[in-house]
Amino acid sequence: RATFDLHRDDEQFSTDLLHSGAVMAAVTASPIPVQGCRVERLGTMRYLAVATEEFAERWRDRTGKSLDWLAAAPRVDFDRKDTYQESFLAKLLPDSTTPRVGHFIPASTQFADAVRLSLGWSLLPEAQCRADLRSGHLVELAPKLPHDVDLHWQRWSIPSPILDTVSAVVGATAAKFLR
């Protein structure tokens with residue numbers, strides 16, 4: 001009994017959709033409620049740096065001890081707002097000044113497929129790459145350095161049975177997939 005007009009934006013920027021009134025609710029990385037909204041913590045999305053073994057072998061330092069090659073190797077970014085790979089590199093290689101080299105693929109399934117097809121390395125949600133890691137199709141590049149993002153559900157603070165239902169479903173789904 002409801003129809004939806006879904007908007008896609010990076011969780012770092014999705015509060016802009018609430019500010020503008022374009023949406024009534026959004027998954028955000030911000031715990032600070034937008035004016036007129038209430039916020040609920042959903043959990044933590046864990047991202048892992050992954051690539052195919054073939055890709056890693058082609059780019060990896062021959063000693064196998066250094067991950068410096070990641071700064072020069074092509075990577076896959078979701079879109080131009082996606083800074084997760086850059087943040088990861090800054091933590092991993094604080095002295096690296098290599099410019100961005102890679103691909104932009106703003107569709108979740110195709111983004112992961114690009115990594116699986118050896119177009120580059122990237123951070124993928126743990127739930128999205130777990131099976132590929134188990135099968136050996138993907139390898140984790142820095143197992144001791146996951147990239148965790150706390151996610152929140154922000155929704156307008158208005159009485160709405162439909163919005164209450166959607167919020168409950170989002171919360172229940174997040175409980176299954178997020179940390």
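The values are calculated or read from the model by the stated rules, or taken from the named source; none is laboratory data. The shown structure was predicted, so the numbers you read here are calculated from the model rather than taken from an experiment. Every residue, glycine as well, gets a Cβ built from its backbone with ideal geometry; the counts of neighbours run over all protein chains shown. Calculation scope for accessible area: heavy atoms of the full protein, side chains included, ligands and nucleic acids excluded. Shrake-Rupley method; radii C 1.70, N 1.55, O 1.52, S 1.80 Å.
Based on DSSP H runs of at least 4 residues, each adding -39500 (n - 2.57), what is the mean residue ellipticity at 222 nm of the chain after dividing by all its residues, to the nearest 500 deg cm²/dmol?
Dividing the helical sum by the residues of the chain leaves -9500 deg cm²/dmol.
Taking H as built 1.01 Å from N, whose amide H comes closer than 5 Å to the amide H of Ala142, not counting residues under 5 places away?
HN-HN under 5 Å from Ala142: Ala49.
Lysine pairs in the stretch 32-179 with alpha-carbon atoms under 19 Å apart, 8 or more places apart or on different chains: how many are there?
Here the count comes out as 4.
Once amide H atoms are placed 1.01 Å from N in the peptide plane, what residues at a sequence separation of 5 or more from Cys37, or on another chain, have their amide H within under 5 Å of its amide H?
Long-range HN contacts for Cys37: Ser157.
Would you kindly find the accessible area of Thr109, with a 1.4 Å probe and non-protein molecules such as ligands, DNA and RNA excluded, rounding to the nearest 10 Å²?
So the heavy atoms of Thr109 present about 80 Å² to solvent.
On full extension of the chain, what length is gained from Leu145 through Ser20, given 0.36 nm per residue of separation minus the C-alpha to C-alpha distance?
The span from Leu145 to Ser20 would gain 41.4 nm if fully extended.
Tell me, what % of the accessible area of the chain is carbon and sulfur with a 1.4 angstrom probe?
The value for the chain is 56 percent carbon and sulfur by accessible area.
Per residue, how many Å² of accessible area does the stretch 1-110 show with a 1.4 Å probe?
Heavy-atom accessible area per residue stands at 61 Å².
So how far, in whole Å, is the C-alpha centre of the stretch 19-52 from the one of the stretch 65-79?
Using only Cα atoms, the two centres lie 26 Å from each other.
For Gly102, what residues show an amide H to amide H distance below 5 Å, using hydrogens built from the backbone and excluding near sequence neighbours?
Arg75
Provide, for q = 0.15, 0.17, 0.18, 0.20 Å⁻¹, the log10 of I(q)/I(0) from a solvent-free Debye sum over equal Cα point scatterers in the chain.
-0.90, -1.08, -1.16, -1.33
Under a point spin-label approximation (7 Å from Cα along Cα-to-Cβ), what is the Ile162-Ala2 distance to one decimal in nm?
Rounded to a tenth, the inter-label distance reads 0.7 nm.
Which length gain, in nm to one decimal place, applies between Phe104 and Ala127 when the Cα-Cα distance is subtracted from 0.36 nm times their residue separation?
The span from Phe104 to Ala127 would gain 6.2 nm if fully extended.
Which chymotrypsin sites (Phe, Trp or Tyr not before Pro) does the stretch 19-77 hold that lie in a coil by DSSP with at most 13 other beta carbons within 10 Å?
Taking the stretch 19-77 and a limit of 13 other Cβ atoms within 10 Å, no loop chymotrypsin sites (Phe, Trp or Tyr not before Pro) are found.
Which whole-Hz ³J(HN,Hα) couplings does the stretch 167-179 yield from phi under the Karplus relation 6.51 cos²θ - 1.76 cosθ + 1.60, θ = phi - 60°, glycine and proline marked x?
Karplus-based 3J(HN,Hα) across the stretch 167-179 equals 4, 5, 5, 4, x, 5, 5, 4, 4, 7, 10, 9, 7 Hz.
Put a dot 7 Å past each Cα toward the Cβ at Asp113 and Asp95; how far apart are the dots in nm?
4.1 nm
What is the gain in length, in nm to one decimal, between Gln35 and Ser87 on full extension, counting 0.36 nm per residue of separation less the C-alpha to C-alpha distance?
Gain in length upon complete extension: 15.9 nm.
I'd like the Karplus ³J(HN,Hα) series for the stretch 40-47: coefficients 6.51, -1.76, 1.60, θ = phi - 60°, whole numbers in Hz, and an x wherever there's a Gly or Pro.
9, 6, 8, x, 10, 8, 9, 10
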